[in-house]
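What follows is a single structure, written as structure tokens, with notes after it.
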Amino acid sequence: MGANPKAEDPNAQIATKLKALYQSVQEEAIPTRFLELLERLDAAEQTTVRRGKE
């Protein structure tokens, strides 16, 4: 067996790669188009709420 048993463990290798992938996704900027859509949804929701209170 090697000096680092985790290096040989397929599950540990998968976990390490998944963690790296997740970290890179977290660091990505949110696309402008997506932010614009969220703002439009918020505005539509606020309009609906205001109409419900009238």
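The values are calculated or read from the model by the stated rules, or taken from the named source; none is laboratory data. Since this is a predicted model, take the numbers as computed values, not measurements. No Cβ is skipped: glycine too gets one built from the backbone with ideal geometry, and neighbour counts run over all protein chains shown.
Here are a few things to note about the model shown:
- Scanning the range 7-26 for residues that are basic (Lys, Arg) and over 22 Å from the mean Cα position of the chain (by Cα) yields no hits at all.
- Checked across the range 23-46, the condition of being assigned to a helix (DSSP H, G or I), modelled with pLDDT of 90 or more, in contact with a helix residue (DSSP H, G or I) (Cβ under 9 Å, 6 or more places away or on another chain) and surrounded by 10 or more Cβ atoms within 10 Å (Cβ to Cβ) holds for no residue.
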